[in-house]
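The values are calculated or read from the model by the stated rules, or taken from the named source; none is laboratory data. Bear in mind that the values here come from a model prediction, so they are computed numbers and not experimental data. Don't worry about glycine lacking a Cβ; one is built from the backbone with ideal geometry, like all the others, and counts go over all protein chains shown.
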Amino acid sequence: MNTVPQVLVKQRIEKAYSYSDYRLLMAELTTTQASTGPLQNEDMAYYTSLNHQRMKRLDKTVKINTTLASLIESIDSVRYTNILYRVIETSFTLFKMQFEEKFRLPCLGKKQR
């Protein structure tokens with residue numbers, strides 16, 4: 001049975017851009033001097049353009065290890081979704097623990113005496 005976070009992760013993955021589609025979007029936004037967010041102004045267009053330039057540079061200089069690339073390509077989408085869910089769940093748990101410690105809040109679900 002899928003939990004609510006698992007369902008949300010799956011929905012997000014289904015709507016996600018591939019890297020090549022995202023790069024095309026960035027190129028188009030740079031050409032039209034726009035950004036992806038609701039706030040459309042000169043500053044946001046500049047940041048989009050700057051990020052596009054940075055990604056182009058990384059595309060030219062970063063070389064992915066072929067063994068690592070093969071391993072990543074071998075992971076099927078169900079397994080990837082489960083791995084991603086576990087990463088999100090673990091991150092949330094760690095954040096919650098740090099938050100409770102920082103603000104000295106009692107753990108949720110425990111009764112106070």
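Worth pointing out:
- All positions within the range 14-51 that are under 29 Å from Ile83 (Cα atoms) and touching a residue at least 12 places away in the same chain (Cβ under 8 Å): Arg23, Met26, Thr36, Asn51
- On inspection, Thr30 does not qualify as surrounded by 12 or more Cβ atoms within 10 Å (Cβ to Cβ) and under 20 Å from the mean Cα position of the chain (by Cα).
- Here Pro38 does not fit the description of being on the phi < 0 side of the Ramachandran plot, assigned to a loop (DSSP other than H, G, I, E, B) and modelled with pLDDT under 75.
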